[in-house]
Amino acid sequence: MGALEYINCPLCDSQKNTKLFLGKDYLYSKEEFSVVKCHDCGLQYTNPCVKEDQIASYYYSGYSSRMNSKLPNFYKGEWGRLQRFFGNIHFTILELMRSINARKVLEIGPGNGRLLYFLKAQGYDVSGVELDSDLARNIWDMGIPCYCGNLDTVMDEIGGKKFDLIILCQTFEHLYDPKKTLKNIHSLLAEKGYLYMALPNSGSIEAKLFDKFWRGLDLPRHIVHYDKKTVGKILRKSGFDVLRQGDLIFPSSFVESIGFRYFQDAKMPPTLYYFLYYFLKLTGPVCRKLFGSGVMTVLAAKRQL
Ligand SMILES: [Zn+2]
């Protein structure tokens, strides 16, 4: 479907790597792609990968579903308290915003804009950068400024604006030139600015358990497969101090991995999917303590010079 190219390690630029396994795009193209590990820094990445100017053809419609912007009062009252207890990322970020006293937030790759909509309702000054023009327009329709493009191409448009917090949820692993993006993020952050990311953890028990069937690989859309060590390395190299790393309760990653492992190209029966999903959601807080999770979170601060 798309032309492939060999790339150097996105972290240390080395050409030396070892092939780990051949994984498959179960969600869309059914094509197979190699995951390699860098000899010099240990980073795992997709190599060869689909050329950057052709990767859009692997983002099928519905990859990031549109949200109904008229959802009123979501996460209010008891439902909100329940979501908070089960580790909903919206609340994790809200608590973070309060603890660092942030007002201005930028999300890169907001997808359907749900998080920005939630933070805007809490009174924060929010904006986004979204590659998909339909999704970006949808976010504008919610009354939220959203620059359309990748971060590198919209830097001029953003101008001299500075942010207290920049968020990347399930976005960083899609980037072809993560160091360049981190450089731009660094320049967009206020002096005491923070970066928060949530992304698949290739060093997790979940990733090791499912190996080439792991949902977090999302080949060929994920270019880099970070773990806690390598994400820390690239952040420190790019002028950030890593303050905190954690695990996010994210049952769908585990359940879809079971689907890839045992049903492969066939779809898992929806009843089984929802049974497993809610079982893992309910046991999530305990599972996270015992086994960690397939999705990690990272909080980093702009290094003071
Ligand atoms: Zn490397």
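Here, each number is a calculation from the coordinates, and none is a lab measurement. Everything quoted here is computed from the prediction, not taken from an experiment. Here the Cβ is made from the backbone with ideal geometry for all residues, glycine too, and neighbour counts use every protein chain on show.
A Gaussian network model of the chain, with springs between Cα atoms under 10 Å, assigns the largest mean-square fluctuation among K212, K228, K19 to K19. Cβ crowding within 10 Å ranks R215, R221, R236 as R236, R221, R215, fewest other Cβ atoms first. Okay, helix-only estimate at 222 nm for the chain: each DSSP H run of n ≥ 4 adds -39500 (n - 2.57), divide by all residues, round to 500 deg cm²/dmol; what do you get? Value at 222 nm, helices only, nearest 500: -10500 deg cm²/dmol. Within a straight-line Cα-Cα reach of under 18 Å, K19 can be paired with the following lysines, leaving aside sequence neighbours fewer than 8 residues apart in one chain: K37, K208, K212. Quick one: grab the alpha carbon gyration tensor of region 1-153, order the square roots of its eigenvalues as a ≥ b ≥ c, and give me rounded if a/c is under 1.5, else prolate or oblate depending on whether a/b is larger than b/c. Because a/c hits 1.5 or more and a/b exceeds b/c, region 1-153 counts as prolate.
Cβ crowding within 10 Å ranks K192, K37 as K192, K37, fewest other Cβ atoms first.
From the alpha carbon centroid of region 173-246 to that of region 19-36 is 20 Å. At q = 0.15, 0.19, 0.22, 0.24 Å⁻¹ the log10 of I(q)/I(0) for region 194-305 amounts to -0.68, -0.98, -1.19, -1.31, computed by Debye summation with a single uniform scatterer per C-alpha, solvent ignored. How high is the relative contact order of the chain? Use alpha-carbon pairs under 8 Å, at least six apart in sequence, and give a whole percent. Relative contact order here is 18 percent. The coefficient of translational diffusion for region 105-155, derived via Stokes-Einstein from the alpha carbon Kirkwood radius under 37 °C and 0.692 mPa s, stands at 314 µm²/s. By the Cβ distance rule (another cysteine Cβ under 4.7 Å), the unpaired cysteines of the chain are C49, C146, C148, C169, C287. The Kirkwood radius of the chain, taken over pairs of alpha-carbon atoms, gives through the Stokes-Einstein law at 10 °C and 1.306 mPa s a diffusion coefficient of 79 µm² s⁻¹. Between the amide H of H225 and those of Q44, Y45, T46, distances stay under 5 Å, these residues lying 5 or more places away or on another chain, with hydrogens modeled in the peptide plane.
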